[in-house]
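Participant: Quick one: the structure is below, questions incoming.
The values are calculated or read from the model by the stated rules, or taken from the named source; none is laboratory data. As the structure is a computational prediction, the values presented were derived from the model and not from experiment. Reconstructed Cβ throughout: ideal geometry from the backbone, glycine too, with neighbour counts over all protein chains shown. Surface accessibility is based on the protein's heavy atoms, side chains included, excluding ligands, DNA and RNA. Shrake-Rupley method; radii C 1.70, N 1.55, O 1.52, S 1.80 Å.
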Amino acid sequence: FDPRIEPLKPQLENYWAGRALYQIEYAHEVSKAVDGQFDGHIEEAITFLVGTNSQEGVITKTAAQQVEVLLAPVSPAAKRYNVICAAHAHIDMNWMWRWDETVAITLDTFRTMLNLMQEYPDFKFSQSQASVYQIVEQYDPDMLAEIRQRVKQGRWEVTAATWVEADKNMPNGESAARHLLYTRRYLKKLLDLQDDDFRFDFEPDTFGHHSNIPEILADGGVKYYYHCRGDKGHNLHRWHAPSGRSIIVYREPSWYLGYIDPSLALYAPAFCQKYGLDTILKVYGVGDHGGGPTRRDVERLLDMAAWPVFPTIRFGTFGEYFNKVAQIADQLPLVEGELNFIFTGCYTSQSRIKRANRLSEASLHTAETFSALACLQGISYPAEKYAHAWKNTLFNQFHDIIPGSGVIDTREYALGLFQETMAIASSQKRRAFNALTGDTDQFQADPATKDPQAISEGAGVGFGVEE
């Protein structure tokens with residue numbers, strides 16, 4: 001904002017230079033929000049810093065501390081803005097790697113987060129996707145006990161409303177409902193959660209968002225939607241479905257993963273002024289291949305929280321932030337229609353995976369229908385088998401699987417799950433047919449036309465198919 005600062009920017013990697021320069025720039029943003037009230041103090045600080053740098057050739061600790069003295073009148077206004085820092089690890093399901101690597105990065109990431117919680121008492125962490133918690137249950141149940149403890153303490157936030165962070169355009173409406181159903185059913189039991197704990201649909205990397213998402217989510221008890229891609233409109237708004245049902249949407253203004261640096265504070269005054277808040281949300285943590293926040297991130301946040309001319313910074317959760325947004329819900333702009341879309345090629349590439357998804361959805365619908373009818377004949381409904389098949393299908397709807405943006409190993413694993421799903425659907429449909437037709441004789445052969453020399457007698461369906 002001031003050309004005199006530009007020659008100083010190469011020193012940003014120097015701690016004290018960065019601390020002074022970022023506080024000056026943040027003070028400028030604060031002053032803009034109050035019609036330039038603090039411009040005089042900012043001018044003094046810049047003049048001093050440029051002068052001392054020209055004399056000494058470097059911005060020293062002493063110079064930076066003097067800048068803070070000159071900017072002291074800005075401090076109360078600066079601290080009125082709050083930054084809730086929500087830690088997250090974006091874990092892609094089999095994107096550029098195999099399933100065994102997805103398991104490894106999940107367990108390694110969670111172990112790191114638990115270690116950081118042990119080391120830093122105020123540190124909090126949030127994690128989406130029911131599928132990653134199933135990984136922990138299957139492959140490291142001892143770790144699951146630690147996660148349960150942190151969830152009860154309020155330091156590990158579960159932001160999973162869906163089985164995976166799924167594509168929102170290609171799966172059908174039944175799949176969208178099953179994501180909500182099986183995630184809630186599974187995690188309530190696994191982590192002792194309540195219905196109100198499933199208020200968020202966290203979809204940072206999803207490539208597009210159809211217009212009926214607010215309807216489906218609202219019916220499933222979800223109130224808040226977080227995303228990053230696919231829309232260039234408001235960062236905060238109420239999203240209305242055609243029916244009128246609505247949810248609150250937060251579109252990430254920067255990016256949904258990454259490191260902590262002081263630039264996180266710079267958009268706070270303008271953002272808060274635009275939406276009538278005093279708080280912004282900062283999502284941080286290494287992602288895609290897992291990882292989450294680093295020790296450096298945590299240390300930087302603790303350090304910046306003590307800077308005198310900077311916002312009030314603290315570790316927090318998505319729930320804490322959305323609770324604040326809910327208080328101004330009536331003031332938020334209204335948005336209707338789809339929030340689409342990017343990467344148009346993902347709707348045509350890797351057609352086998354897309355065909356497998358549609359066959360899975362259709363076959364499960366048919367099989368479940370006949371299984372329900374067969375219950376009238378007294379046979380049990382195979383709910384657990386269908387739940388397993390649906391979870392396979394939902395997993396394959398991850399936003400890098402069904403679009404076809406993964407590697408060969410990703411596709412092979414997805415098609416393997418598809419075959420298992422079809423085996424369940426076909427076998428249970430056959431079981432239902434047997435029950436429904438068991439009391440009829442219309443398919444019995446007429447004894448008068450029976451051929452004792454026929455090879456097919458007792459050979460079974462499909463005999464000779466190889467010929």
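Participant: Within region 214-256, which residues have the backbone N less than 15 Å from the label spot 7 Å out from T344 along Cα→beta-carbon, could you tell me?
Facilitator: No residues fall inside that zone.
Participant: Kindly identify region 2-89 as rounded, prolate or oblate by the Cα gyration tensor criterion: order the square roots of the eigenvalues as a ≥ b ≥ c, call it rounded if a/c is under 1.5, otherwise compare a/b with b/c, prolate if a/b is larger, else oblate.
Facilitator: On the way: a/c = 1.98, a/b = 1.25, b/c = 1.58.
The shape class here is oblate.
Participant: Multiply the residue gap between L193 and T47 by 0.36 nm, knock off their C-alpha separation, and tell me the result in nm, one decimal place. Mind showing how you got there, number by number?
Facilitator: Values: separation 146, 0.36 × 146 = 52.56 nm, distance 5.58 nm.
Gain on stretching L193 to T47: 47.0 nm.
Participant: Can you grab the distance from the C-alpha centre of region 128-157 to the C-alpha centre of region 217-293, Å, no decimals?
Facilitator: A separation of 24 Å, based on Cα centres.
Participant: Sticking with this one: Can you pull the percent of the chain's accessible area that's carbon plus sulfur, 1.4 Å probe, other chains left in place?
Facilitator: On the way: 10790 of 21230 Å².
The nonpolar share, carbon plus sulfur, comes to 51 percent.
Participant: What does the accessible area of F463 come to, in Å² to the nearest 10, when a probe of 1.4 Å is used?
Facilitator: 130 Å²
Participant: With every protein chain present, what accessible area does E29 have (1.4 Å probe, heavy atoms only), rounded to the nearest 10 Å²?
Facilitator: E29 has an accessible surface of roughly 40 Å² with all protein chains in place.
Participant: Between A372 and D142, what is 0.36 nm times their sequence separation minus the Cα-Cα distance? Round to one decimal in nm.
Facilitator: Numbers: separation 230, 0.36 × 230 = 82.80 nm, distance 3.82 nm.
Fully extending the segment from A372 to D142 adds 79.0 nm.
Participant: A further question follows. Which order do K232, K152, K168, K79 take by accessible area at a 1.4 Å probe, largest first? Working shown, then result.
Facilitator: On the way: K232 180, K152 155, K168 25, K79 55 Å².
From most exposed to least exposed: K232, K152, K79, K168.
Participant: Related question: Out of H88, H41, Y259, whose Cα points farthest toward the positive end of the dipole of the chain (charges: +1 Lys, Arg; -1 Asp, Glu; placed on Cβ)?
Facilitator: The Cα lying farthest towards the positive end belongs to H41.
Participant: Tell me the label only: which of [x] 1.17; [y] 1.09; [z] 1.24 is Cα Rg over 2.2 N^0.38 Å as calculated from this structure?
Facilitator: [z]
Participant: While we're looking at this one, here's another question. Per residue, how much accessible area does the chain show when a 1.4 Å probe rolls over the protein heavy atoms, in square angstrom? List each step's numbers first, then the result.
Facilitator: Values: 21230 Å² over 467 residues.
In whole numbers, the chain has 45 Å² accessible per residue.
Participant: Here's another thing I want to ask about it. Could you check the spin-label model distance between E174 and E13? Points 7 Å from the Cα along Cα→Cβ, value in nm.
Facilitator: 5.7 nm
Participant: A follow-up question, please. Can you tell me, using C-alpha contacts under 8 Å and at least 6 residues apart, the relative contact order of the chain as a whole percent?
Facilitator: Numbers: 765 pairs, mean separation 92.7, N = 467.
Dividing the mean separation by the residue count of the chain yields 20 percent.
Participant: Quick one: 3J(HN,Hα) in Hz for region 362-375, Karplus 6.51/-1.76/1.60 with θ = phi - 60°, rounded, Gly and Pro as x.
Facilitator: Working through the residues one at a time gives 5, 5, 5, 4, 5, 5, 5, 4, 6, 5, 5, 5, 5, 4 Hz.
Participant: Okay, moving on. Compute the separation of the alpha-carbon centres of region 60-83 and region 410-428 and state it in Å as a whole number.
Facilitator: One Cα centre to the other: 60 Å.
Participant: Report the full-extension gain for the segment K79 to S54: residue separation times 0.36 nm, less the Cα-Cα distance, to one decimal in nm.
Facilitator: Working: separation 25, 0.36 × 25 = 9.00 nm, distance 3.10 nm.
Value of the extension gain: 5.9 nm.
Participant: While we're on this one: Pull up the DSSP beta bridges for the chain and report the antiparallel fraction as a percent, rounded to 5. Don't skip to the answer; put the middle values down first.
Facilitator: Working: 10 of 38 bridges.
Given both bridge residues lie in the chain, the antiparallel proportion sits at roughly 25 percent.
Participant: Using a 1.4 Å probe and ignoring any ligands, DNA or RNA, find the accessible area of L144 and quote it in Å² to the nearest 10.
Facilitator: 10 Å²
Participant: Here's a follow-up. With runs of 4+ DSSP H residues as the only contributors, calculate the mean residue ellipticity of the chain at 222 nm using -39,500 (n - 2.57) per run, divided by the residue total and rounded to the nearest 500. Show your work: numbers first, answer last.
Facilitator: Values: 15 runs with 216 residues, N = 467.
-15000 deg cm²/dmol, from helical runs alone.
Participant: Take Y225, Y22 and sort them by solvent-accessible surface of the protein heavy atoms, 1.4 Å probe, largest at the top. Provide the component values of the computation, followed by the final result.
Facilitator: Working: Y225 0, Y22 40 Å².
Largest accessible area first, the list is Y22, Y225.
Participant: Using a ≥ b ≥ c from the Cα gyration tensor of region 141-297 (square roots of the eigenvalues), is it rounded, prolate or oblate, where a/c under 1.5 gives rounded and otherwise the larger of a/b and b/c decides, a/b for prolate? Please list the in-between numbers first.
Facilitator: Working: a/c = 1.69, a/b = 1.04, b/c = 1.62.
Oblate is the answer for region 141-297, as a/c is 1.5 or above yet b/c matches or exceeds a/b.
Participant: Would you mind getting me the FRET efficiency between A104 and A387? Use the beta-carbon distance for r and R0 = 25 Å, nearest 0.05.
Facilitator: 0.45
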